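Enquirer: Pasting in a structure now, in structure tokens, and then I'll have a few things to ask.
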Amino acid sequence: KAGERKAKAERLFGLMDGFLKNDPLSLQTDILDHVEYTVARSRFSFDDFEAYQALSHSVRDRLIERWHETQQYFKRKDPKRLYFLSLEFLMGRSLSNSVINLGIRDHYADALKQLGFDFEVLAEQEGDAALGNGGLARLSACQMDSLATLDFPAWGYGLRYQYGSFRQVILDGFQHEQPDYWLNFGNPWEIERVHVSYPVKFYGTVEEDILNGQKYKIWVPGEMVEAVAYDNPIPGYGTRNTINLRLWAAKPSGQDDMESYNTGDYINAIVNRQKAETISCVLYPDDRSYQGKELRLKQHYFFVSASLQDIIRRFKEEHNNFETLPDKVALQLTDTHPSLAIAEVMRVFVDEEHLSWNRAWDIVCKIFSFTTHTIQPEALEKIPVDLLGSLLPRHLQIIYDINCNFMEELKKKIGLDYSRLSRMSIIEEEGPVKNIRMANLSVICSHTVNGVSRIHLELLKTKVFKDFYELWPQKFQYKTNGVTQRRWIVVSNPNLCALISKWLGTEAWIRNVDLLMGLREYAADADFQQEWKLVRRLNKIRLAEYIEAMSGVKVSIDAMFDVQIKRIHEYKRQLLNLIGIIHRYDCIKNMEKSDRRKVVPRVCIIGGKAAPGYEIAKKIIKLCHAVAEKINNDPGVGDLLKLVFIPDYNVSVAELVVPGSDLSQHISTAGYEASGTGNMKFLMNGCLLLATADGSTVEIIEEIGEENMFIFGAKVHEVPTLRDKGSARKPSLQFARIVRMIREGYFGFKDYFGSLCDAVEGNGDFYLLEHDFESYLEAQASADKAFVDQKRWTQMSILSTAGSGKFSTDRTIAEYAESTWGIEPCKCPF
Ligand code: TH1
């Protein structure tokens with residue numbers, strides 16, 4: 001039998017003619033075949049979009065080859081695997097990233113040229129995959145790139161939302177949300193696996209059964225939905241390893257409800273079944289405040305249940321003893337969103353696999369690690385007990401049992417300290433409704449809890465999880481976030497990439513980013529500076545063209561491009577930026593004509609989405625437009641100051657904006673940004689940072705030195721006292737004057753901005769805008785001063801890139817692999 005199988009395999013491989021070839025002729029034939037047979041257009045006439053489709057399919061073929069090889073290799077080697085669970089992945093575009101990681105970008109560019117197409121133009125045809133909101137989701141995407149590149153045997157799991165992050169449309173300066181029809185034109189980057197599907201249960205009751213004299217719980221569901229897998233290959237750079245991101249879509253269950261068909265209401269029965277698809281229909285657009293909505297909870301469980309069925313099935317194919325599961329499987333929880341997985345594993349083990357509670361619990365405590373991404377209380381997920389009890393009745397019982405055991409253990413350790421016990425309980429009893437605290441569940445059941453920057457861990461230890469830290473200090477760690485240099489330099493800034501490789505004399509930094517340090521020795525070199533400045537200028541030209549196309553505003557390339565792009569949030573203080581801009585405008589207006597020559601011209605760029613229900617954030621967007629209208633049309637100001645809002649900020653917009661900026665702002669109130677990752681993208685691209693000592697910026701300061709940045713504002717430990725002092729502080733007259741201008745309608749919309757102004761005045765100033773205003777202006781003045789001295793500025797810019805090595809997800813992932821997941825590389829041989 002084995003001999004027969006081998007002979008067949010050899011014959012098939014012979015038929016296959018080895019792997020796909022990457023010479024120009026093969027690539028052209030391939031692309032044209034896809035034009036004809038996949039896109040079904042004539043090979044003699046097809047447009048740019050059709051060319052993009054055919055091109056992507058040809059790349060996809062190559063991804064699939066490596067995907068197969070890698071998965072077979074993992075299966076054969078059977079290493080410990082990491083399963084990375086995240087409800088959000090912001091992948092952006094895939095084409096350029098894929099061909100670069102496969103090492104065949106130039107091959108494709110040549111092949112296309114001979115067909116009369118330009119690679120870059122075709123790459124622009126692709127829309128973003130935006131299955132996430134902000135930093136957390138892009139972090140998950142960057143981490144996938146590093147997991148693949150570092151050859152780790154890992155898979156990502158997520159949801160395949162039919163509608164990703166909403167499209168932000170600005171009308172009259174107001175944000176409107178529109179659906180993101182990202183799948184309408186097909187998605188060549190995914191592989192639908194119709195045969196990989198699992199039933200997911202909801203509602204119903206819990207009953208008891210007896211088997212071999214033992215009592216068991218059986219969950220009799222009230223609703224069943226099918227989860228279908230869509231695989232998205234993730235190629236590593238400089239390796240053949242291609243890992244998988246498996247996303248689930250909801251489909252009506254294959255188990256027919258005969259009852260409703262038999263009653264004769266055929267149409268209604270079908271229509272009702274179709275509703276199953278709503279579960280994976282839409283991404284929740286709010287990245288902070290958590291609302292206990294049933295659909296959201298359904299999404300969480302749907303995702304968790306399908307992923308675990310898949311993971312456990314794979315484990316059982318090769319193993320028959322769950323005791324070895326912790327040696328073979330690590331489950332990473334990205335924030336609390338997937339933490340129902342804990343209760344689900346307990347349920348499967350106890351109810352379906354018939355393990356004893358204690359054995360199941362032992363295993364569970366060894367497989368989960370949890371990373372938290374915030375400290376803001378409104379983001380901590382709390383599920384109303386009644387909601388969980390109706391949707392997932394068995395899970396509620398299990399969570400109660402876990403909590404009960406935990407409370408007993410805890411009492412033995414800390415005695416009857418009831419206030420501490422109630423703080424640490426998974427069940428929140430206070431308040432009008434009882435809630436399940438998902439964060440407590442995650443901490444109790446995970447072997448490791450990670451923060452996303454050093455300062456974030458400090459705050460977790462001393463505030464949010466203080467009680468838990470005192471109980472289990474060894475559980476708490478941090479892994480400072482990173483970004484992938486493949487996407488954020490190689491893909492998005494090809495000129496800088498080439499320049500770095502030229503001066504370092506190697507491309508090795510693309511896999512080993514610490515080598516960027518080697519740029520330090522050329523930081524003051526006149527030739528290098530010249531080339532550096534030229535690259536940056538070309539990027540600014542590209543950005544200026546985009547700005548003009550999007551907003552109609554013509555901007556000067558010589559001006560300093562000053563950028564703040566990120567989700568709009570009070571704690572991120574876009575309003576401080578705007579107040580600073582108004583102040584600058586006011587100064588220019590009140591200046592003698594002769595003094596204006598000394599002003600450093602600025603183009604202020606703001607971009608970001610506001611959660612649809614977040615009124616204050618939406619008002620900030622409107623204020624930005626109102627201020628821009630006034631400034632940009634003031635002939636007395638001209639090129640000295642421009643303000644533009646870039647609509648519909650997403651990954652591909654960031655790829656354009658980041659390389660073209662001179663200065664970027666990361667100005668959250670200290671203690672509020674758990675890490676921040678935008679700062680790292682700008683840093684890598686040689687953009688200087690104007691920032692508070694918050695989140696990962698604290699560590700950036702250590703790497704590149706405060707003298708190469710513009711740091712301002714209250715420090716973390718000062719914030720609570722400053723807030724308590726409130727209006728007792730010395731008021732800033734300048735600040736008050738500007739707030740009054742806004743309030744009194746200097747920029748129009750008089751009544752509309754009142755609540756914005758209330759939120760930053762006197763005791764209302766929760767995020768300390770007024771307190772930090774003065775030092776903010778000083779930092780801005782130092783930035784102006786530095787910009788005038790272009791030699792110094794360029795040196796700072798080079799030193800920023802040179803010092804950015806620590807902030808690669810390659811480092812983050814290597815740390816997780818070593819001290820949290822316990823996994824090792826598994827490199828597929830050539
Ligand atoms: C962000 C944090 O705000 C940011 O500081 C951090 O760099 C990033 O995560 C990655 O670690 C968060 N995003 C979310 C999204 C949701 C809930 C909480 C957070 S915290 C949905």
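FYI, it's all coordinate maths here, none of it is from the lab. In this text, all values refer to a predicted model and were calculated from it rather than measured experimentally. We place every Cβ from the backbone using ideal geometry, glycine too, and count neighbours over all the protein chains shown.
Enquirer: Run the paramagnetic zone check for ASP639: 7 angstrom along Cα to Cβ, then residues of region 592-623 with backbone nitrogen under 19 Å.
Expert: 593-605, by backbone N distance to the label point.
Enquirer: Within a 10 angstrom radius of the beta carbon, how do ILE375, ILE234 rank from fewest other beta carbons to most?
Expert: Lowest count first: ILE375, ILE234.
Enquirer: Here are some pairs, LYS572/LYS642; LYS533/LYS589; LYS533/LYS681; which of them have Cα atoms lying more than 25 Å apart in this structure?
Expert: Pairs exceeding the cut-off: LYS533/LYS589.
Enquirer: Moving on to the next point. Under a straight-distance cross-link criterion of Cα-Cα below 18 Å, which lysines are reachable from LYS827, leaving out those fewer than 8 residues away in the same chain?
Expert: Straight-line reach from LYS827, under 18 Å: LYS75, LYS77, LYS80, LYS328.
Enquirer: Write out the chymotrypsin sites (Phe, Trp or Tyr not before Pro) in region 570-619 meeting two conditions: DSSP loop, and at most 16 other Cβ atoms within 10 Å of their Cβ.
Expert: Sparse-neighbourhood loop chymotrypsin sites (Phe, Trp or Tyr not before Pro): none present.
Enquirer: Right, another one. Rounded to the nearest 0.05, what FRET efficiency do ARG520 and PHE44 give with R0 = 45 Å and r taken as the Cβ-Cβ distance? Could you check?
Expert: 0.25
Enquirer: Over the Cα atoms of the chain, each weighted equally, I'd like the Debye log10 I(q)/I(0) at q = 0.06, 0.07 Å⁻¹, rounded to two decimals.
Expert: Results for the chain at q = 0.06, 0.07 Å⁻¹ read -0.41, -0.57.
Enquirer: Would region 772-830 count as rounded, prolate or oblate if I go by the C-alpha gyration tensor, calling it rounded below 1.5 in a/c and otherwise prolate when a/b exceeds b/c, oblate otherwise?
Expert: Oblate, since a/c reaches 1.5 and b/c is not below a/b.
Enquirer: Give the calculated FRET efficiency between ILE64 and GLU458 to the nearest 0.05, with a Förster radius of 56 Å applied to their Cβ-Cβ distance.
Expert: 0.80
Enquirer: For the residue pair LYS715 and ASN512, what label-to-label distance in nm results when each label sits 7 Å from Cα along the Cα-to-beta-carbon direction?
Expert: Label-label distance for LYS715 and ASN512, simple model: 3.7 nm.
Enquirer: Sticking with this one: Which order do the peptides 688-697, 199-208 take when ranked by the mean count of other beta-carbon atoms within 10 Å per residue, highest first?
Expert: 688-697, 199-208
Enquirer: Note down the relative contact order for the chain as a percent, whole number, built from C-alpha pairs under 8 angstrom at least six residues apart.
Expert: Result for the chain is 14 percent.
Enquirer: Among the aspartates and glutamates, which have Cα under 17 Å from the Cα of LYS593 when same-chain residues fewer than 8 positions away are ignored?
Expert: ASP634, ASP639
Enquirer: Shifting gears a bit: Only helical DSSP H runs with n ≥ 4 go in: add -39500 (n - 2.57) per run for the chain, normalise by residue count and round the 222 nm mean residue ellipticity to 500 deg cm²/dmol.
Expert: -14000 deg cm²/dmol
Enquirer: I'd like the FRET efficiency for GLU353 and ARG193, computed as 1/(1 + (r/R0)^6) with the beta carbon distance as r and R0 of 22 Å, rounded to 0.05.
Expert: 0.35
Enquirer: Continuing with the same structure: Return a whole-number percent for the relative contact order of region 492-808, with Cα pairs under 8 Å and 6 or more residues apart as the contact set.
Expert: Rounded, it is 23 percent for region 492-808.
Enquirer: How about LYS725: which lysines have a C-alpha closer than 16 Å to its C-alpha, ignoring those fewer than 8 places off in the same chain?
Expert: LYS715
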